[in-house]
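Coordinate-derived values only; no laboratory data. Given the structure is predicted, the values throughout are model-derived calculations rather than measurements. Don't worry about glycine lacking a Cβ; one is built from the backbone with ideal geometry, like all the others, and counts go over all protein chains shown.
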Amino acid sequence: MGDLFEQDSLHESAQEKLQENFKTRHAELSKLIHYHDKRYNQDDAPEISDGEYDVLRQELISLENKYPELITKDSPTQTVGAKPSKGFGKIKHAVPMLSLGNVFNEEELNNFLDRISRFLGVNEAIEIVAEPKIDGLSCSLRYVNGKLVHAATRGDGYEGENITANVLVIDDIPKTLKGGFPELLEVRGEVYMSRHDFITLNEKQVKESKPAFANPRNAAAGSLRQLDASITAQRPLKMFAYALGEVTSPIAQTQWGIRNKLVSYGFSEASPAALCKNLKDVLKYYNEINQARPDLDYEIDGVVYKVNNLDYQERLGFVSRAPRWATAHKFPAEEAITVINDIDIQVGRTGVLTPVARLEPITVGGVVVSNATLHNEDEIKRKDARIGDHVTIQRAGDVIPQVVKVLMNKRKDNSAPFMFPKTCPVCDSSVVREEGEVAWRCTGGLICEAQAVERLKHFVSRLAFDIDGLGAKIIQQFWDDGLLKTPVDIFTLEKRDKNSLTPVRAREGWGDLSAKNLFQSINDKRKIELNRFIYALGIRQIGEATAKRLSSIYGDLRTLQKLMIEAQDKESTAYEDLINVEDIGPATADDLIAFFVDEGNQDILRALVEELKIIPYEAPENQDNAVVGKIVVFTGTLSKITRAEAKAKAESLGAKVTSSVSKKTSYLIAGEDAGSKLKKAKELGIDILTEDEWINLIV
Ligand code: IVH
């Protein structure tokens, strides 16, 4: 009896202990999943693979199935994703916040500098400001009469989130400017966390059983984008100012002058920085800072070079999303050695089959990497990468990690070459490899689930419809459950949901409020600009910049559709006009035409038009000038500006620059020694301008 009793009580306390462990594990898992939801849904910066995430979630679900008493109101199974970043209001940037081009070595750097000199037609070396490229997140601060009125994240470059409340608690950011400042001044900079502060913060996180941040950048991002600014206030954030947005009057003539002026207003500037006279100086700076990197108290992922003379900057202007007058010189990628556990084939939005190495997880540059791209079949063959191989992988900045090489001496005897599939691993359709292409493509089109679902994800992505609360993960779930098959289904979801036996609000992790919010976010996007709409269609080779160009030129969807169908005839003017659009060559033209000619696509477009109001694209530049929409041709030698600059300037004003004269040419700008084009223009009665007349027209 006594024995039994003793055993029972022993058993009971063991049970209790176990229960306690489960409870702790449940709390840990909840926290982790919430964290990764947020990284995925709000920050667009997942730190773990979908597979790893699913493992965590699965463990939580089984735990809750076994012990329902563990279910809490805020368990990830009871809430949906992370709170949408909708909590922040949106702010449109007066001047877009663009990104930077990259150079990776001396040759590319030399080309960058040469291109600038050629563009400007300047013979002597151009002065360059070199400064650290801070690995944080950018923000824009707007000051009116020296008072901070609002602050925004970069967002998609055109519109960011209102983080005014959050930056008010950052000491480095002046709330009132010192000294003589223009009436309106926008300052752009990088918010970051110092290495020292990062280590202290992580120690605190661990002590409080909160997840540690993987690196200072993540910590800074997680701290700044807090809906509750009192949390931001507890995080040690700093900012370096590096550029201007809108200003009412110039504050300096040079980039170096801007740096000094910003310091006088009360901002911090990243140092060391250097004013470089030539390529030699620039390289010296790069090498020195690369050496000093471990000793800096903030993380940098390269250096930034900017043309010092602001008149030159103005003349150089921009190419789609990046300035011609600046570039980033990235440090070499960080490397590590690990094992390929498997090779999967992913099928993308346009049907491209991409082999992905599933790796034994390893930390590279502060981030855990468990996948790396193997690019394509040729690349696998060239490297002879096999399952089971030890490999060197590298990760540079935000670029997808890559497999660099196989360590042949560690290869197992029984390994076999990887066989690239001969059919689509998802839909089993045949795969083709077009001439001159490295990629195999699935021919299944929308029959292929992978392509269809990837297109849906693209459709709602940030630069496309940007639907809050409908991220890639939810698209995948809704797809799996048959709620969404085509983009049209997104807009009919609410109607169908009303009669559904399994409405969204009853799904696991959803409730009345989250379902209502989702439908609201969808309805908010029924009015959409043409450029976003075109981009959302996911037509091969049509990126954001080309979608904008098409929108400005064709004006509305119906015209675009009509002219793309006409352009099937390569002799037509519709075709000629199409390939005259900047960046559209015959291959892109073929893809565009093929998309609009396809009957399935036409059906989808018809149905989408029923659901949406597509509004014209408004180009951010001032389009109120004499040459917008005009077709111009330059000929002969220009004396004041180079041909490249003239072309770029005309295009930035909304003109179309072509190389041959035709009936449709609006102006021929004839420099010295103009020949046959001038003759032809005279014959056709086209307006002919001298270089000076042209300059007068555009200023
Ligand atoms: S200048 C129009 N300077 O790098 C020129 N950017 O890859 C605007 N960044 O979005 C950028 N340090 O967030 C500039 N010293 C620096 C920078 C810097 C970091 C970031 C910035 C930008 C990104 C582009």
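Sort 212-224, 59-71 by the packing proxy (mean of other Cβ within 10 Å over each peptide's residues), most packed first.
212-224, 59-71
What shape does the chain take by its C-alpha gyration tensor, where a ≥ b ≥ c are the square roots of the eigenvalues and a/c under 1.5 counts as rounded, a/b above b/c as prolate, and the rest as oblate?
Since a/c reaches 1.5 and a/b is larger than b/c, the shape of the chain is classed as prolate.
When the helices in the chain are scored as -39500 (n - 2.57) per DSSP H run of 4 or longer and the sum is shared across all residues, what 222 nm value do you end up with, to the nearest 500 deg cm²/dmol?
Taken over the chain, the calculation gives -12000 deg cm²/dmol.
Work out, step by step, the length gained on full extension between residue 489 and residue 594: first 0.36 nm times the residue separation, then minus their alpha carbon distance; give nm to one decimal.
In short, 35.5 nm is gained.
Rounded, prolate or oblate: pick one for the stretch 355-487, where a ≥ b ≥ c are the square roots of the eigenvalues of its C-alpha gyration tensor, a/c under 1.5 means rounded, and failing that, prolate if a/b is larger than b/c, else oblate.
Verdict is oblate for the stretch 355-487.
Assuming R0 = 41 Å, can you tell me the calculated FRET efficiency for the pair residue 572 and residue 158, based on Cβ-Cβ distance, to the nearest 0.05?
Efficiency for this residue pair is about 0.75.
Give me the distance in nm between label points sitting 7 Å out from Cα along the Cα-to-Cβ direction at residue 524 and residue 558, one decimal.
Between residue 524 and residue 558, the simple spin-label model gives 3.0 nm.
Counting only the backbone N, which residues of the stretch 408-423 are under 18 Å from the spot 7 Å out from the Cα of residue 437 toward its beta-carbon?
420-423
Which loop GluC sites (Glu not before Pro) in the stretch 435-541, with loop taken from DSSP, have no more than 14 other Cβ atoms within 10 angstrom of their Cβ?
435, 437, 508
Among the listed pairs 147/548; 90/473; 38/457, which have their C-alpha atoms separated by more than 25 angstrom in this model?
Too far apart for the 25 Å limit: 147/548.
Roughly speaking, what is the stretch gain from residue 207 to residue 335, that is 0.36 nm per residue apart minus the C-alpha to C-alpha distance, in nm to one decimal?
Value of the extension gain: 43.0 nm.
What is the calculated FRET efficiency for residue 71 to residue 666, with r their C-beta to C-beta distance and R₀ = 60 Å, to the nearest 0.05?
It comes out at approximately 0.30.
Which FRET efficiency, nearest 0.05, do residue 676 and residue 124 yield, Cβ-Cβ r, R0 30 Å?
After rounding, the FRET efficiency stands at 0.30.
Is the shape of the stretch 566-657 best called rounded, prolate or oblate, per the rule: a/c under 1.5 gives rounded, else a/b larger than b/c gives prolate, else oblate, with a ≥ b ≥ c the square roots of the Cα gyration tensor eigenvalues?
The shape class here is oblate.
Pairs of alpha-carbon atoms within less than 8 angstrom and 6+ residues apart define the contacts here; what relative contact order does the chain have, in percent?
Once divided by the residue count of the chain, the mean separation gives 10 percent.
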